[in-house]
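Shown next, in structure tokens, is the structure this report addresses.
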Amino acid sequence: MSLCRVAGESGGVLPVSEADTDIVCGVVTDTSKITPGVIFAAIKGERVDPNIFAGKALESGAVAILSANPELAYENGAPKERVICVEDVPKALGKIARANIDAVREVNPNFRVIGVTGSVGKTTTKDLLASIMEARGEVVAPPGSLNNEIGMPLTALRVGADTNTLVSEMGADNLGNIEYLTSIATPDVAVVLAVAHAHVGEFGGIENVAKAKSELVANMRPGGTAVLNADDPRVAAMADMTGERVLMFSASGNGDIVASNCELDARGRSQFLLSTPAWSAPVHLGLVGAHHVSNALAAAAASCALGVEKSHVVAALANGPASPHRMDVWERAGVTVIDDSYNANPESMRAGIEALGVLGKGRRKIALLGDMLELGEESVAAHAGLLEPLRAAGVECVIAVGEQMRFLAEAARVASLADSSADSAHTPRATTEVVARASDELSARAESCVASLADSPAEPDVTSRPAQNADSPTLPIHCIHVGAWDKALDQITGMIVKGDVLLIKGSHGSGVWRIADTLKDD
């Protein structure tokens with residue numbers, strides 16, 4: 001599009017229109033990513049107004065500045081004829097992206113949009129789909145998790161006339177978010193993976209989470225296909241929201257696209273028979289963790305909706321690499337590290353712990369767990385409740401990082417004080433006790449206990465001894481609580497020894513991903 005057309009589509013004003021011959025070849029929000037012909041979108045952050053970089057952006061090759069604060073852009077070296085003045089930069093970005101998608105649909109009849117949402121698995125499924133859809137020609141998909149009102153339009157603006165598939169990850173932390181994103185790139189295929197407890201505190205309850213995810217199904221293009229998880233009742237119920245085609249996927253065998261004979265290999269990767277209405281084939285996933293079966297089925301179902309051949313689907317599922325910090329398994333000095341530190345909610349945390357149990361069979365298993373954020377009133381029970389899957393996986397050592405993880409530390413302490421029993425019935429009782437205490441702001445005794453746990457040094461026998469009966473669900477868990485990721489780094493580097501298996505997982509805001517990066521770079 002020409003610069004003047006971009007200005008018009010944005011709803012903004014370009015004071016001087018002599019640049020009508022300038023062609024815009026993209027939009028960026030980071031001055032370090034400027035290439036000739038792009039527009040620099042000056043989206044104000046909490047600390048910095050990027051309009052102060054307007055002159056620098058133009059010197060680096062940007063063709064114009066998209067600005068809601070043009071006076072500041074002028075003051076910093078941007079001429080008026082190079083500043084598109086708008087009221088709201090993110091909304092203007094969405095308008096430009098919508099115009100770009102509409103323009104591509106006009107010239108390319110093969111162009112399709114796949115929208116992916118869900119409380120867990122969005123990025124992995126998006127990556128699998130991006131690989132599969134190469135069979136249809138040029139694919140555009142976001143790197144990482146660019147799934148909000150800024151990242152999604154930026155991805156849509158990378159679509160060109162030769163693009164045949166846009167795989168669009170669509171996230172939400174409020175009702176109406178996904179509806180807005182679908183107005184930018186209305187999906188031909190709407191994939192809903194799961195309704196879980198991610199962001200439940202912000203939504204005000206799990207039913208509102210379901211309502212938000214359903215906006216993807218409710219806003220498909222005519223003739224589209226909804227791809228829904230039959231194993232999640234809230235997702236399956238979304239079939240009633242559309243009169244378009246519905247494909248159900250199921251890891252338990254109750255759908256149109258199903259997995260059967262599921263097994264895990266020695267490296268924790270799933271093998272199963274994938275069956276669709278048109279074909280069946282054995283699949284050996286390249287991703288670690290049994291929970292990825294559902295993501296693979298979703299990708300296969302969306303592929304069936306667009307007519308991708310079996311061979312391409314099976315090959316892509318087998319070769320799909322892990323994204324950074326998403327069940328990325330690597331070795332460090334004889335220690336196996338499961339890096340799933342990008343984000344966390346109760347469901348994905350349990351899946352990660354289960355994977356630790358599988359990969360760590362016969363070895364000492366250590367879990368470094370950061371806070372699960374945005375859980376609201378469910379936070380206490382969710383964190384304390386991790387004790388049960390940790391015990392079931394035979395985890396021996398836990399480093400609990402952050403304010404909310406103190407509830408897991410307290411649950412572990414209560415359980416360790418309880419009388420030992422073969423059926424470990426004290427574990428759920430410990431969780432219940434911690435929740436009861438927390439509801440009354442924790443008793444003075446519990447607060448004192450948590451304070452004594454915080455930043456305490458690891459016990460000598462925990463740091464160096466090999467696993468003893470490492471897979472036993474009744475093995476006592478040694479739990480250390482620290483307040484921040486940097487202190488956890490000190491703990492873990494002194495604890496891990498050759499032969500250990502370490503899981504690193506937590507919400508992005510907990511910072512535990514920094515520990516993974518540090519360990520990997522050492």
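The values are calculated or read from the model by the stated rules, or taken from the named source; none is laboratory data. What you see is a predicted model, and the numbers here were worked out from it, not measured in a lab. We place every Cβ from the backbone using ideal geometry, glycine too, and count neighbours over all the protein chains shown.
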Notebook entry, point to check: What number of residues within the stretch 64-122 satisfy the criterion of being part of a loop (DSSP other than H, G, I, E, B), aliphatic (A, V, I, L, M) and modelled with pLDDT of 95 or more?
Noted result: 3
Check: Which one of the conditions (1) within 24 Å of Ser507 (Cα to Cα); (2) touching an Asp or Glu at 6+ places or on another chain (Cβ under 6 Å); (3) not aliphatic (A, V, I, L, M) does Ser250 fail to meet, given that it meets all the rest?
Finding: (1)
Next item on the list: Could you please give the count of residues in the stretch 220-239 that are outside any strand (DSSP E or B), buried (at least 21 other Cβ atoms within 10 Å of the Cβ) and out of contact with any Lys or Arg (no Cβ under 9 Å at 6 or more places or on another chain)?
Entry: 3
Notebook entry, point to check: Which one of the conditions (1) in contact with a helix residue (DSSP H, G or I) (Cβ under 6 Å, 6 or more places away or on another chain); (2) surrounded by fewer than 18 Cβ atoms within 10 Å (Cβ to Cβ); (3) among the hydroxyl-bearing types (Ser, Thr, Tyr) does Thr242 fail to meet, given that it meets all the rest?
Noted result: (2)
Item checked: Subset of the stretch 276-299 [touching a residue at least 40 places away in the same chain (Cβ under 8 Å) and not β-branched (Val, Ile, Thr)] -> Leu287, Gly289, Ala290, His291, His292, Ser294, Asn295, Ala296, Leu297, Ala298, Ala299
Notebook entry, point to check: How many residues does the stretch 50-63 contain that are more than 12 Å from Tyr74 (Cβ to Cβ) and either part of a helix (DSSP H, G or I) or β-branched (Val, Ile, Thr) (or both)?
Noted result: 6
Next item on the list: Please find, within the stretch 137-174, the residue that is modelled with the highest pLDDT out of those that are within 19 Å of Ala322 (Cα to Cα) and either in contact with a Phe, Trp or Tyr (Cβ under 6 Å, 6 or more places away or on another chain) or not in a strand (DSSP E or B) (or both).
Entry: Ala141
Margin query: I'd like to check something: does the stretch 158-171 contain any residue that is among the polar types (S, T, N, Q) and touching a Leu at 6+ places or on another chain (Cβ under 6 Å)?
Written below: no
Next item on the list: Could you pull out the residue among Leu72, Leu66 that is over 32 Å from the mean Cα position of the chain (by Cα), hydrophobic (A, V, I, L, M, F, W, C) and more than 30 Å from Ala305 (Cβ to Cβ)?
Entry: Leu72
Note to self: Among the numbered criteria (1) in contact (Cβ under 8 Å) with a residue 60 or more places away in the chain; (2) surrounded by fewer than 16 Cβ atoms within 10 Å (Cβ to Cβ); (3) within 15 Å of Ala161 (Cβ to Cβ); (4) of a type in the set (D, E, K, R), which one does Glu106 miss?
What the structure shows: (1)
Notebook entry, point to check: Residues Leu386, Leu417, Leu375, Leu359: which one is modelled with pLDDT of 95 or more, of a type outside the set (Val, Ile, Thr) and out of contact with any Cys (no Cβ under 9 Å at 6 or more places or on another chain)?
Noted result: Leu386
Check: For the stretch 325-375, what are the residues that are outside any strand (DSSP E or B), out of contact with any strand residue (DSSP E or B) (no Cβ under 8 Å at 6 or more places or on another chain) and not small (Gly, Ala, Ser)?
Finding: Tyr342, Asn343, Asn345, Pro346, Glu347, Arg350, Glu354, Lys361, Met372, Leu373, Glu374, Leu375
Next item on the list: Could you tell me which residue of the stretch 121-151 is surrounded by the fewest Cβ atoms within 10 Å (Cβ to Cβ), considering only residues that are closer than 24 Å to Ala290 by Cβ, touching a Gly at 6+ places or on another chain (Cβ under 8 Å) and of a type outside the set (Val, Ile, Thr)?
Entry: Ser145
Next item on the list: Quick one: which residue in Ala196, Ala161 is within 22 Å of Thr124 (Cα to Cα) and out of contact with any Cys (no Cβ under 9 Å at 6 or more places or on another chain)?
Entry: Ala196
Checklist line | Matching entry among Val329, Val335, Val313 (being touching a Ser or Thr at 6+ places or on another chain (Cβ under 9 Å), of a type in the set (Val, Ile, Thr) and either over 24 Å from Arg136 (Cβ atoms) or assigned by TED's automatic domain parsing to the domain that holds Ile504 (or both)) | finding: Val329
Notebook entry, point to check: Within the group Leu216, Leu154, which residue is buried (at least 24 other Cβ atoms within 10 Å of the Cβ) and farther than 18 Å from Cys304 by Cα?
Noted result: Leu216
Notebook entry, point to check: Out of all the residues in the stretch 200-213, which are surrounded by fewer than 22 Cβ atoms within 10 Å (Cβ to Cβ) and of a type in the set (A, V, I, L, M)?
Noted result: Ile206, Ala210
Note to self: Within the stretch 316-330, does at least one residue satisfy the condition of being over 21 Å from Lys505 (Cβ atoms) and surrounded by fewer than 20 Cβ atoms within 10 Å (Cβ to Cβ)?
What the structure shows: yes
Notebook entry, point to check: Out of Asn343, Asn295, which single residue is of a type outside the set (Gly, Ala, Ser), surrounded by 16 or more Cβ atoms within 10 Å (Cβ to Cβ) and in the same structural domain as Leu386 (by TED's automatic domain parsing)?
Noted result: Asn343
